[in-house]
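Single-structure report; data block below.
The values are calculated or read from the model by the stated rules, or taken from the named source; none is laboratory data. Keep in mind that what you see is a predicted model, and the values were worked out from it rather than measured. Ideal geometry is used to build each Cβ from the backbone, glycine not excepted, and the neighbour counts take in all protein chains shown. Accessible surface is based on the protein model in full, side chains and every heavy atom, while ligands, DNA and RNA are left aside. Shrake-Rupley method; radii C 1.70, N 1.55, O 1.52, S 1.80 Å.
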Amino acid sequence: MTAPLPVRPPGPATEEARERTPRPRRPSRLLAPLRQTGQLFALALAVSRAVFRRPFQVREFIEQFWFVASVTILPAALVSIPFGAVIALQVGSLTEQLGAQSFTGGASVLAVIQQASPLIVALLIAGAAGSAICADLGSRKIREELDAMEVMGVSPIQRLVVPRVLATMSVAVLLNGLVSVVGTLGGYFFNVIMQGGTPGAYLASFSALAQLPDLYIGELKALVFGFIAGIVAAYRGLNPRGGPKGVGDAVNQSVVITFMLLFAVNMVLTAIYLQIVPPKGG
(Lines give C-alpha, C1' and ligand atoms only; values in the text may rest on other atoms or scores of the structure.)
Protein backbone atom coordinates (compact mmCIF):
# COMPACT_ATOMS: atom_id res chain seq x y z
CA MET A 1 0.00 0.00 0.00
CA THR A 2 1.21 3.43 -0.86
CA ALA A 3 1.41 5.94 1.90
CA PRO A 4 -0.94 8.91 1.58
CA LEU A 5 0.62 12.05 0.35
CA PRO A 6 1.18 14.65 3.04
CA VAL A 7 -1.19 17.55 2.96
CA ARG A 8 0.71 20.78 2.66
CA PRO A 9 -0.51 23.71 4.66
CA PRO A 10 -1.76 26.55 2.54
CA GLY A 11 0.97 28.96 1.73
CA PRO A 12 0.76 32.72 1.66
CA ALA A 13 0.00 32.69 -2.08
CA THR A 14 -3.00 30.40 -1.59
CA GLU A 15 -4.36 32.52 1.25
CA GLU A 16 -3.99 35.70 -0.80
CA ALA A 17 -5.85 34.08 -3.69
CA ARG A 18 -8.69 33.08 -1.40
CA GLU A 19 -8.92 36.57 -0.01
CA ARG A 20 -9.02 38.07 -3.50
CA THR A 21 -11.75 35.66 -4.69
CA PRO A 22 -15.11 37.50 -4.42
CA ARG A 23 -17.60 35.71 -2.23
CA PRO A 24 -21.20 35.42 -3.44
CA ARG A 25 -23.44 37.88 -1.71
CA ARG A 26 -26.58 36.62 -0.07
CA PRO A 27 -29.77 38.43 -1.06
CA SER A 28 -30.84 40.94 1.53
CA ARG A 29 -33.95 40.13 3.51
CA LEU A 30 -35.06 43.72 3.17
CA LEU A 31 -35.38 43.29 -0.60
CA ALA A 32 -37.49 40.14 -0.36
CA PRO A 33 -40.86 41.98 -0.27
CA LEU A 34 -39.86 44.04 -3.31
CA ARG A 35 -38.76 40.91 -5.13
CA GLN A 36 -42.02 39.12 -4.36
CA THR A 37 -44.02 42.18 -5.43
CA GLY A 38 -42.20 42.22 -8.74
CA GLN A 39 -42.84 38.52 -9.24
CA LEU A 40 -46.54 39.06 -8.48
CA PHE A 41 -46.80 41.80 -11.11
CA ALA A 42 -44.86 39.63 -13.56
CA LEU A 43 -47.35 36.81 -13.05
CA ALA A 44 -50.26 39.21 -13.58
CA LEU A 45 -48.68 40.39 -16.83
CA ALA A 46 -48.02 36.82 -17.97
CA VAL A 47 -51.62 35.82 -17.25
CA SER A 48 -52.92 38.88 -19.12
CA ARG A 49 -50.89 37.89 -22.16
CA ALA A 50 -51.81 34.21 -21.97
CA VAL A 51 -55.54 35.01 -21.99
CA PHE A 52 -55.38 35.80 -25.72
CA ARG A 53 -53.29 32.76 -26.65
CA ARG A 54 -54.66 29.56 -28.07
CA PRO A 55 -55.73 26.94 -27.25
CA PHE A 56 -58.11 28.22 -24.61
CA GLN A 57 -58.93 25.72 -21.86
CA VAL A 58 -62.73 25.83 -22.10
CA ARG A 59 -63.39 22.71 -20.03
CA GLU A 60 -61.08 23.80 -17.24
CA PHE A 61 -62.68 27.24 -17.21
CA ILE A 62 -66.21 25.80 -16.93
CA GLU A 63 -65.18 23.47 -14.11
CA GLN A 64 -63.49 26.24 -12.18
CA PHE A 65 -66.38 28.64 -12.80
CA TRP A 66 -68.86 26.14 -11.40
CA PHE A 67 -66.64 25.41 -8.40
CA VAL A 68 -66.12 29.09 -7.52
CA ALA A 69 -69.83 29.84 -7.95
CA SER A 70 -70.94 26.84 -5.91
CA VAL A 71 -68.83 27.79 -2.89
CA THR A 72 -69.65 31.52 -2.91
CA ILE A 73 -73.30 32.02 -3.99
CA LEU A 74 -75.02 30.95 -0.77
CA PRO A 75 -72.55 32.62 1.65
CA ALA A 76 -72.67 35.85 -0.38
CA ALA A 77 -76.47 35.94 -0.29
CA LEU A 78 -76.57 35.21 3.43
CA VAL A 79 -73.93 37.82 4.26
CA SER A 80 -75.45 40.56 2.09
CA ILE A 81 -78.79 40.52 3.96
CA PRO A 82 -77.45 41.55 7.41
CA PHE A 83 -74.83 43.77 5.79
CA GLY A 84 -77.47 45.74 3.90
CA ALA A 85 -79.63 45.84 7.01
CA VAL A 86 -76.81 47.24 9.13
CA ILE A 87 -76.07 49.94 6.56
CA ALA A 88 -79.75 50.85 6.28
CA LEU A 89 -80.21 51.03 10.06
CA GLN A 90 -77.07 53.07 10.60
CA VAL A 91 -77.73 55.49 7.74
CA GLY A 92 -81.40 55.77 8.74
CA SER A 93 -80.48 56.64 12.32
CA LEU A 94 -77.95 59.23 11.15
CA THR A 95 -80.29 60.89 8.64
CA GLU A 96 -83.04 61.00 11.25
CA GLN A 97 -80.75 62.93 13.58
CA LEU A 98 -79.90 65.36 10.78
CA GLY A 99 -83.50 65.77 9.70
CA ALA A 100 -82.93 64.22 6.26
CA GLN A 101 -84.73 60.93 6.69
CA SER A 102 -86.13 61.14 3.16
CA PHE A 103 -82.63 60.47 1.77
CA THR A 104 -82.11 57.23 3.68
CA GLY A 105 -82.90 55.00 0.72
CA GLY A 106 -80.53 56.67 -1.70
CA ALA A 107 -77.62 56.83 0.75
CA SER A 108 -77.95 53.22 1.90
CA VAL A 109 -78.40 51.80 -1.62
CA LEU A 110 -75.41 53.74 -2.95
CA ALA A 111 -73.29 52.46 -0.06
CA VAL A 112 -74.31 48.90 -0.85
CA ILE A 113 -73.79 49.15 -4.61
CA GLN A 114 -70.54 51.11 -4.63
CA GLN A 115 -68.73 49.78 -1.57
CA ALA A 116 -70.30 46.86 0.26
CA SER A 117 -71.26 44.58 -2.62
CA PRO A 118 -67.86 44.43 -4.42
CA LEU A 119 -66.00 43.98 -1.14
CA ILE A 120 -68.31 41.21 0.09
CA VAL A 121 -67.94 39.34 -3.19
CA ALA A 122 -64.17 39.74 -3.28
CA LEU A 123 -63.65 38.71 0.33
CA LEU A 124 -65.77 35.59 -0.10
CA ILE A 125 -64.03 34.63 -3.33
CA ALA A 126 -60.62 35.15 -1.74
CA GLY A 127 -61.53 33.24 1.41
CA ALA A 128 -63.42 30.31 -0.13
CA ALA A 129 -62.32 29.94 -3.75
CA GLY A 130 -58.90 31.62 -3.55
CA SER A 131 -57.72 29.39 -0.72
CA ALA A 132 -58.82 26.29 -2.66
CA ILE A 133 -57.01 27.49 -5.79
CA CYS A 134 -53.85 28.19 -3.80
CA ALA A 135 -53.96 24.76 -2.13
CA ASP A 136 -54.54 22.99 -5.45
CA LEU A 137 -51.66 24.71 -7.23
CA GLY A 138 -49.40 24.35 -4.20
CA SER A 139 -50.01 20.62 -3.95
CA ARG A 140 -49.28 20.25 -7.67
CA LYS A 141 -46.06 22.21 -7.19
CA ILE A 142 -44.68 20.10 -4.34
CA ARG A 143 -45.57 16.92 -6.27
CA GLU A 144 -43.54 18.35 -9.19
CA GLU A 145 -46.52 18.13 -11.54
CA LEU A 146 -45.92 21.68 -12.76
CA ASP A 147 -42.27 20.88 -13.52
CA ALA A 148 -43.37 17.84 -15.49
CA MET A 149 -45.78 20.01 -17.49
CA GLU A 150 -42.98 22.42 -18.35
CA VAL A 151 -40.76 19.52 -19.45
CA MET A 152 -43.53 18.34 -21.79
CA GLY A 153 -43.84 21.83 -23.25
CA VAL A 154 -47.15 22.70 -21.55
CA SER A 155 -47.36 26.11 -19.92
CA PRO A 156 -48.79 25.83 -16.38
CA ILE A 157 -49.90 29.45 -16.55
CA GLN A 158 -51.95 28.96 -19.70
CA ARG A 159 -53.21 25.52 -18.71
CA LEU A 160 -54.03 26.07 -15.03
CA VAL A 161 -53.75 29.69 -13.94
CA VAL A 162 -55.61 31.48 -16.74
CA PRO A 163 -58.87 29.46 -16.42
CA ARG A 164 -58.89 29.95 -12.65
CA VAL A 165 -58.30 33.71 -12.85
CA LEU A 166 -60.98 34.12 -15.51
CA ALA A 167 -63.37 32.05 -13.40
CA THR A 168 -62.87 34.25 -10.33
CA MET A 169 -63.37 37.39 -12.43
CA SER A 170 -66.55 36.10 -14.09
CA VAL A 171 -68.09 34.88 -10.85
CA ALA A 172 -67.22 38.15 -9.12
CA VAL A 173 -69.00 40.21 -11.77
CA LEU A 174 -72.12 38.04 -11.79
CA LEU A 175 -72.20 37.61 -8.04
CA ASN A 176 -71.87 41.37 -7.52
CA GLY A 177 -75.27 41.88 -9.13
CA LEU A 178 -76.85 39.26 -6.88
CA VAL A 179 -75.36 40.76 -3.73
CA SER A 180 -76.42 44.27 -4.77
CA VAL A 181 -80.02 43.18 -5.26
CA VAL A 182 -80.21 41.16 -2.04
CA GLY A 183 -78.50 43.88 -0.01
CA THR A 184 -80.82 46.53 -1.40
CA LEU A 185 -83.90 44.45 -0.61
CA GLY A 186 -82.62 43.79 2.91
CA GLY A 187 -82.00 47.49 3.48
CA TYR A 188 -85.45 48.34 2.13
CA PHE A 189 -87.13 45.84 4.42
CA PHE A 190 -85.37 46.98 7.58
CA ASN A 191 -85.77 50.68 6.80
CA VAL A 192 -89.46 50.47 5.97
CA ILE A 193 -90.51 47.86 8.55
CA MET A 194 -88.25 48.55 11.54
CA GLN A 195 -87.62 52.28 11.22
CA GLY A 196 -91.05 53.28 9.97
CA GLY A 197 -89.92 54.69 6.65
CA THR A 198 -92.22 55.08 3.68
CA PRO A 199 -91.66 53.02 0.52
CA GLY A 200 -92.27 56.02 -1.71
CA ALA A 201 -89.63 58.16 -0.01
CA TYR A 202 -87.14 55.28 -0.08
CA LEU A 203 -87.50 54.80 -3.84
CA ALA A 204 -87.69 58.52 -4.59
CA SER A 205 -84.44 59.26 -2.76
CA PHE A 206 -82.73 56.45 -4.61
CA SER A 207 -83.84 57.77 -8.00
CA ALA A 208 -82.81 61.28 -6.96
CA LEU A 209 -79.26 60.40 -5.91
CA ALA A 210 -78.30 57.29 -7.88
CA GLN A 211 -77.07 57.22 -11.47
CA LEU A 212 -75.94 54.60 -13.94
CA PRO A 213 -72.16 55.08 -13.39
CA ASP A 214 -72.69 53.96 -9.79
CA LEU A 215 -73.55 50.51 -11.11
CA TYR A 216 -70.63 50.60 -13.52
CA ILE A 217 -68.09 51.34 -10.79
CA GLY A 218 -69.49 48.50 -8.70
CA GLU A 219 -69.09 46.03 -11.55
CA LEU A 220 -65.62 47.36 -12.37
CA LYS A 221 -64.54 46.95 -8.75
CA ALA A 222 -65.86 43.39 -8.72
CA LEU A 223 -63.93 42.59 -11.92
CA VAL A 224 -60.67 44.05 -10.59
CA PHE A 225 -61.11 42.43 -7.18
CA GLY A 226 -61.75 39.04 -8.77
CA PHE A 227 -58.57 39.42 -10.82
CA ILE A 228 -56.56 40.33 -7.73
CA ALA A 229 -57.95 37.39 -5.74
CA GLY A 230 -57.14 34.93 -8.54
CA ILE A 231 -53.65 36.29 -9.18
CA VAL A 232 -52.60 36.34 -5.51
CA ALA A 233 -53.94 32.82 -4.93
CA ALA A 234 -52.15 31.54 -8.02
CA TYR A 235 -48.88 33.26 -7.10
CA ARG A 236 -48.77 31.86 -3.59
CA GLY A 237 -49.78 28.43 -4.88
CA LEU A 238 -46.98 28.43 -7.46
CA ASN A 239 -44.38 29.43 -4.85
CA PRO A 240 -44.84 27.33 -1.71
CA ARG A 241 -42.00 26.78 0.74
CA GLY A 242 -41.26 23.87 3.02
CA GLY A 243 -43.36 21.04 1.59
CA PRO A 244 -46.94 20.38 2.75
CA LYS A 245 -46.62 22.79 5.67
CA GLY A 246 -45.55 25.47 3.24
CA VAL A 247 -48.72 24.93 1.23
CA GLY A 248 -50.84 25.63 4.30
CA ASP A 249 -48.81 28.73 5.08
CA ALA A 250 -49.19 29.88 1.47
CA VAL A 251 -52.99 29.55 1.70
CA ASN A 252 -53.10 31.74 4.81
CA GLN A 253 -50.75 34.28 3.25
CA SER A 254 -52.78 34.47 0.05
CA VAL A 255 -55.96 35.34 1.94
CA VAL A 256 -54.25 38.00 4.07
CA ILE A 257 -52.44 39.58 1.11
CA THR A 258 -55.63 39.64 -0.93
CA PHE A 259 -57.55 41.39 1.84
CA MET A 260 -54.87 44.08 2.15
CA LEU A 261 -54.71 44.68 -1.60
CA LEU A 262 -58.49 44.80 -1.92
CA PHE A 263 -58.91 47.63 0.59
CA ALA A 264 -56.01 49.59 -0.91
CA VAL A 265 -57.28 49.23 -4.48
CA ASN A 266 -60.83 50.03 -3.36
CA MET A 267 -59.65 53.31 -1.89
CA VAL A 268 -57.85 54.23 -5.12
CA LEU A 269 -60.78 53.33 -7.38
CA THR A 270 -63.25 55.21 -5.17
CA ALA A 271 -61.08 58.34 -5.16
CA ILE A 272 -60.69 58.23 -8.95
CA TYR A 273 -64.42 57.69 -9.46
CA LEU A 274 -65.40 60.60 -7.22
CA GLN A 275 -62.99 62.87 -9.11
CA ILE A 276 -64.11 61.84 -12.60
CA VAL A 277 -67.87 61.31 -12.23
CA PRO A 278 -69.76 64.32 -10.81
CA PRO A 279 -72.60 63.63 -8.37
CA LYS A 280 -76.12 63.65 -9.74
CA GLY A 281 -77.49 67.16 -9.78
CA GLY A 282 -74.06 68.64 -9.12
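Do we have any residue at all in the range 83-94 that's in contact with a Pro (Cβ under 6 Å, 6 or more places away or on another chain), surrounded by fewer than 18 Cβ atoms within 10 Å (Cβ to Cβ) and assigned to a helix (DSSP H, G or I)?
Among the residues of the range 83-94, not one is in contact with a Pro (Cβ under 6 Å, 6 or more places away or on another chain), surrounded by fewer than 18 Cβ atoms within 10 Å (Cβ to Cβ) and assigned to a helix (DSSP H, G or I), which makes the answer no.
Does A77 qualify as being at pLDDT 80 or above, open to solvent by less than 60 Å² (accessible area, probe 1.4 Å) and not basic (K, R)? Break it down stepwise before answering.
Numbers: at pLDDT 80 or above: yes; open to solvent by less than 60 Å² (accessible area, probe 1.4 Å): yes; not basic (K, R): yes.
Yes, satisfied.
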Inset, instruction - Considering only the range 213-243, state which residues are in contact with a Ser or Thr (Cβ under 7 Å, 6 or more places away or on another chain), aliphatic (A, V, I, L, M) and open to solvent by less than 20 Å² (accessible area, probe 1.4 Å). - result: A229, V232, A233
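Hey, could you check the range 142-161 for residues that are touching a residue at least 60 places away in the same chain (Cβ under 8 Å) and in contact with a Pro (Cβ under 9 Å, 6 or more places away or on another chain) and say which is most open to solvent (accessible area, probe 1.4 Å)? Talk me through it step by step, then tell me what you get.
So in the range 142-161, the residues touching a residue at least 60 places away in the same chain (Cβ under 8 Å) come out as 142, 146, 155-161.
So of that shortlist, the ones also in contact with a Pro (Cβ under 9 Å, 6 or more places away or on another chain) come out as 142, 146, 158.
On the way: I142: 74, L146: 7, Q158: 38 Å².
Step by step, filter the range 142-161, then rank; the result is I142.
Residue-by-condition table, conditions (1) acidic (D, E); (2) part of a helix (DSSP H, G or I); (3) modelled with pLDDT under 90:
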residue: V192; (1), (2), (3): no, yes, yes
residue: F206; (1), (2), (3): no, yes, yes
residue: L220; (1), (2), (3): no, yes, no
residue: G230; (1), (2), (3): no, yes, no
residue: N252; (1), (2), (3): no, yes, yes
residue: L269; (1), (2), (3): no, yes, no
residue: K280; (1), (2), (3): no, no, yes
Legend entry - Filtered residues of the range 115-128 (kept if over 15 Å from V173 (Cβ atoms) and in contact with a Gly (Cβ under 8 Å, 6 or more places away or on another chain)): A116
Inset, instruction - Return the pairs, sorted by first residue and then second, in which the second residue is outside any helix (DSSP H, G or I), the first residue lies in the range 49-67 and is more than 18 Å from A132 (Cβ to Cβ), the beta carbons are less than 8 Å apart, and the residues are 6+ apart or on different chains. - result: A50/S155
